[in-house]
Amino acid sequence: MKFGILVNEGPFTHQASDSAYHFVSAAIEKGHQVMRVFFYYDGVNNANKLSAPQADDRDLVKLWGKLATQHNVDLVVCIAAALRRGIVEENLADGFRISGLGQLTEVGIAADRLVVFGD
Amino acid sequence: MKFGILVNEGPFTHQASDSAYHFVSAAIEKGHQVMRVFFYYDGVNNANKLSAPQADDRDLVKLWGKLATQHNVDLVVCIAAALRRGIVEENLADGFRISGLGQLTEVGIAADRLVVFGD
Amino acid sequence: MIHTVNKSPFERNSLDSCLRLSIKGSPILLLEDGVLAATKGTSVSEKVAAAQSDHPIFVLGPDLQARGLAEGDIAEGITVVDYGGFVDLVVEHGTVQSWL
Amino acid sequence: MIHTVNKSPFERNSLDSCLRLSIKGSPILLLEDGVLAATKGTSVSEKVAAAQSDHPIFVLGPDLQARGLAEGDIAEGITVVDYGGFVDLVVEHGTVQSWL
Amino acid sequence: MSDEIEFNTAGVTKKFMYVNRKAPYGTIYALEVLEAVLISAAFEQHACIVFVDDGVYQIKKGQDTDAVNMKNFSKTYGIIAMEKEDADEDDDIDMVWRIIVEQESMEARGLRADDFVIDVEVIPSDKLAVIMSEQEIVISG
Amino acid sequence: MSDEIEFNTAGVTKKFMYVNRKAPYGTIYALEVLEAVLISAAFEQHACIVFVDDGVYQIKKGQDTDAVNMKNFSKTYGIIAMEKEDADEDDDIDMVWRIIVEQESMEARGLRADDFVIDVEVIPSDKLAVIMSEQEIVISG
């Protein structure tokens, strides 16, 4: 089955991004395809490559990036939401790309399920 | 009277930073001194100099910076919270400085009032 | 001590906790989405009216206006203040407890 | 359709809204702080028990464990699933409505 | 930057629902979800825009954000109304837009249908639950 | 980078209260407020750490975060307990630490005093309201 994912919150303050990451990992493990993870609202902060968590904490920015590379998951950061919040090519983490909000509608149409994680 | 301010949320998603900004402006207008605004949790995102709001929207990052320059308000971003969230010298906006959490306790002791804005 | 509540009374328990844990006579300022508690004729109006017998209640005007609420929508006895009035309340009443 | 609730029933109205606006028979998955609704002997236990007559209720095990809640703390009839089980529920029940 | 990826969506129309449950200005969700709704028009999708709980305040008349210095997004509902009109009138487009307010949420807040900046259908919760259950994509902010 | 600014705080002891009202892990406030509490010990300040509403779950025993892959901060309460012990025993330091759980919040969630990772005072809301009213700095997250 084909999944689309929407992440509305950044890493650390809310659990949304953690939950989305575990959901996506589990779906892939079960043989499903995750077509795209769309990062909206504060979710764009998941793509800040300057993020440096403590050594004993998880590093969601890197974990998302790895997932993208290993399983060909399209990680899209909403350009309008990102500009407001200061996420641009300059500080964009590996594995993410910046694009328009239409890519959310698009994955909603193309995927069998869209699952939203937020606050 | 001497004020200290704690801001727990970033710009845009929550109103906390807007409310804090208006409170600080009003206090200064009334002749009070705002010794320090301490940015903690997602509040550190107020110091992201890459933030570029739409032309018809307010630009809190710049507004805070101007306030610091014009009225000598000390804007301190918590280093531990900032590192996690990818706010470092490289993308730190004008008027802010990065320092330790002790600076929050310090302003709590030194100021007559500490006012907290958050979610 | 002055208490501030910035959350909607329809959505969260912040106002309830503030009322349970504040001593009689201490003022409460409603701001941000918390201003929704100040309006007349809602499902929380009775609770707020009861609270008024124990606490002077203030509400931030700029936040009312943003949400399309006029002074005529506000329950009797609740005082509307601007940001300057917010500062004055904090100066007058000492420690601020924000019910985030 | 499957509903997810990720907010504490003590703090927010999300579970109430989900119950008011979901049709009989549609399953509800509790995750993140929403798992607190699944525990026995709390002030919301009766409400959750009543909801169980209309909805199969699931709860995410990893979120229970993080909050120090064991299977023995969970109300009867609520099914604990892991992230894989969450995926299976979404596959099985179609559209997901997240009560954020 | 990676290359742009596009999925083929030609000829597919789905039922999108946007659920607004939060008061405006305290959080930004109201504004950003509106941007998402507008984009979906370009894809000619069905859209059901629902206001429940404090979301009903998002379309309250008379919003004046000068003193808080925030962007007054409620004016954008004029564009939503126009998109809906286009969808209603153009027989060539298979696109249905509905704008719904839950009656119970509205009444609990002392509001009436003419308090809103846009024409809405006021629907009780039991009927709205059925409409919700028929959606294919639910976007909540 | 601007120069470091420091205020003179020598010899001043204030009553700090840290109010924890949110469940752990769903949001990070529990962890980061703990960092703030620990810092205040270096300044030899009074500290009243209060758990109300869902905040009582922050100190629930048995937290196991392996499956959510998040940092289990509840272990840090061992350090808080040590700081409190130091404050209690050292006559040269004018620093009082209290760790308080609101009785009503605890009972509404079916919890008991021995469910917590740290020794707490369980205090009913009317008495806690009085203690709160005596604080000089209230930090809420």
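Please treat every number below as a calculation from the coordinates, not as lab data. Quick caveat: nothing in here was measured; it's all calculated off a predicted structure. Here the Cβ positions follow ideal geometry from the backbone for every residue, glycine too, while neighbour counts run over all protein chains shown.
Inter-copy label distances at D:VAL80, shortest first and taken from points set 7 Å along Cα to Cβ: 5.4 nm.
I'd like the Karplus ³J(HN,Hα) series for the stretch E:21-28: coefficients 6.51, -1.76, 1.60, θ = phi - 60°, whole numbers in Hz, and an x wherever there's a Gly or Pro. Those phi angles translate into 10, 10, 5, x, 6, x, 9, 8 Hz.
Relative contact order, whole percent, for chain D stands at 37, derived from Cα pairs under 8 Å and 6 or more residues apart.
Within chain E, which is the longest segment that contains none of the trypsin sites (Lys or Arg not before Pro) sitting in a DSSP loop with at most 13 other Cβ atoms within 10 Å? The reported range is E:1-60. Taking θ as phi - 60° and the Karplus parameters 6.51, -1.76 and 1.60, the scalar couplings of the stretch D:53-65 work out to 6, 9, 9, x, 10, 10, 9, 7, x, x, 6, 5, 4 Hz in sequence order, x denoting glycine and proline. The residue of chain E whose Cβ sits closest to the rotation axis that maps E onto F, together with that distance in whole Å, is E:THR27, 7. For the residue pairs B:LYS66/C:LYS47; C:LYS24/D:LYS40; A:LYS62/B:LYS49; A:LYS30/E:LYS84; A:LYS49/E:LYS14, the C-alpha atoms sit more than 32 angstrom apart in B:LYS66/C:LYS47; C:LYS24/D:LYS40; A:LYS30/E:LYS84; A:LYS49/E:LYS14. Where chain C is rotated onto chain D, the residue of C whose Cβ comes nearest the axis, and that gap in whole Å, is C:ARG12, 3.
Only helices enter the 222 nm calculation for the protein assembly as shown: every DSSP H run of n ≥ 4 contributes -39,500 (n - 2.57), and dividing by all residues gives -9500 deg cm²/dmol, rounded to 500. Here the Karplus curve 6.51 cos²θ - 1.76 cosθ + 1.60, taken at θ = phi - 60°, turns the phi angles of the stretch B:12-19 into couplings of 6, 5, 10, 7, 3, 5, 4, 4 Hz, with x standing for Gly and Pro. A cut-off under 12 angstrom between Cβ atoms defines the neighbours of F:LEU34, and their net charge, with Lys, Arg +1 and Asp, Glu -1, is -1.
Each copy carries a label point for A:GLN54 at 7 Å from Cα toward Cβ; from one copy, the others' points are 4.0 nm away, ordered from shortest.
Across peptide C:36-49, what mean number of C-beta atoms from other chains lies inside 10 Å of a residue's C-beta?
On the way: counts 5, 0, 0, 4, 1, 5, 5, 6, 2, 1, 0, 0, 0, 0.
The mean count of partner-chain Cβ atoms within 10 Å per residue comes to 2.
Measuring gaps between exposed loop sites in chain F (GluC sites (Glu not before Pro); DSSP loop; at most 13 other Cβ atoms within 10 Å), the longest gap, sites not included, is F:7-133.
Remark: spin-label model distance D:LYS47-C:ASP88 equals 4.0 nm, labels positioned 7 Å along the Cα→Cβ axis. Put simply, the amide H of A:LEU6, placed in the peptide plane, has neighbours under 5 Å in A:PHE38, A:VAL115, A:VAL116, A:PHE117, leaving out anything fewer than 5 places away on its chain.
For the pair the stretch D:52-100 and the stretch B:70-119, the centres of their Cα atoms are 40 angstrom apart. Which three semi-axes in whole Å describe the equivalent ellipsoid of chain D, each the square root of 5 times a Cα gyration tensor eigenvalue, listed largest first? Semi-axis lengths for chain D are 18, 16, 12 Å. Label-point spacing for B:THR69 across the identical copies (point 7 Å from Cα in the Cβ direction), in nm and ascending order: 4.1.
For B:ASP74, the residues whose amide H sits under 5 Å from its own are B:ARG36, B:VAL37, ignoring neighbours fewer than 5 places away on the same chain, with H placed 1.01 Å from N. Under 5 Å from the amide H of F:GLU121 lie the amide H atoms of F:ILE99, F:ILE100, F:VAL101, each residue being 5 or more positions distant or on a separate chain, with H modelled from the backbone and absent for Pro and chain starts.
Classify the protein assembly as shown as rounded, prolate or oblate, taking a ≥ b ≥ c as the square roots of the eigenvalues of its Cα gyration tensor: rounded when a/c is under 1.5, otherwise prolate if a/b is larger than b/c and oblate if not. Verdict is rounded for the protein assembly as shown.
Which of the three applies to chain B, rounded, prolate or oblate, going by the alpha-carbon gyration tensor with a ≥ b ≥ c and a/c under 1.5 meaning rounded?
On the way: a/c = 1.61, a/b = 1.18, b/c = 1.36.
It comes out oblate by the Cα gyration axes.
Averaging the sequence gap over all C-alpha pairs within less than 8 Å and six or more residues apart, then dividing by the number of residues, gives the stretch B:2-117 a relative contact order of 36 percent. Taken as Cα centroids, the stretch E:34-53 and the stretch F:55-105 sit 46 Å apart, rounded to the nearest whole angstrom. The label point for F:ASP119 and the one for C:LYS24, both projected 7 Å from the Cα toward the Cβ, are 3.5 nm apart.
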